[in-house]
Amino acid sequence: MRGHTEFGRHLASSLLGDDVDVAYAYRTRDDRPFPHAVANTVLFLDYHRTGFPYAVVPMTVNCYGRLAIGRRGGMVRFTPDGGVPPFDPPSPSPRRCIDVGRAVARAALASDLRVALVASSSWSHGFLHDRGWRMYPDNDADRTFYESLTTGDHRPWHDATLEAIEASGQQEMLNWFCLVGAAEEAGLELKWSSYVETHIFNSNKCFAVFA
């Protein structure tokens, strides 16, 4: 995976100047590969395994939030003494993710490069919410967000709360809140999309192209 140090510096500097307190690193740890959200995206885009020729500047959002780590991905409900495990620190709010996406778009527009912004994630996850018995995704909640993308009415995205996102197991969609903010800031419109829903697998999938 090829990086782009110059744009990475520009992005971090622009975000910090835009009141986004972003952390950065010049290299990964030797014992830690890229997370699957980054690595799998590049593998998907390099579908025929001919080598991905474009530079990548990974930017991650804390999508684990209060539930996934302390509760071991939803598999642990109670502590040994019968209590509920304590919450971990929360993810950023959907509103904050939209603001960060807008700041990323401004940074990209201010550069002299051609930049593609990619939000890599599944949508709601069955194992992260109780309404689906931790077996299947929150299809109703995902349909609401998808319909708003196709109609261009993003109010459900702007009105979403972190509590509602967590209740539906949609934590990974915080990446998409960044993308929605970036698309709005750059004046991009939805050109193509597809939504794949399931009751027998862990998560729904959405694909979309804004231009």
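Kirkwood's formula applied to the C-alpha pairs of the chain gives a hydrodynamic radius of 18.4 angstrom. Helices in the chain, meaning DSSP H runs of at least 4 residues, each add -39500 (n - 2.57). Divided by all residues, the mean residue ellipticity at 222 nm is -11000 deg cm²/dmol. Rounded to the nearest 10 degrees, the inclination of helix 94-110 to the longest alpha-carbon principal axis of the chain is 10 degrees. Backbone amide hydrogens, once placed in the peptide plane, bring residue 22 within less than 5 Å of 16, excluding anything fewer than 5 places away on its chain.
Pairs of Cα atoms nearer than 8 Å and 6+ residues apart set the relative contact order; for the chain it is 22 percent. Each of 152, 64, 42 was scored by the projection of its Cα onto the charge dipole of the stretch 5-210, and the greatest displacement toward the positive side belongs to 42; charges sit on the C-beta of Lys, Arg, Asp and Glu. Sorted fewest first by neighbouring Cβ atoms within 10 angstrom, 209, 22, 61 come out as 209, 22, 61.
Where a number appears in this text, it was derived from the coordinates with a stated rule and is not lab data. Owing to the predicted nature of the structure, the values given are computational and were not obtained by experimental measurement. Glycine gets a Cβ as well: all are built from the backbone with ideal geometry, and neighbour counts include every protein chain shown.
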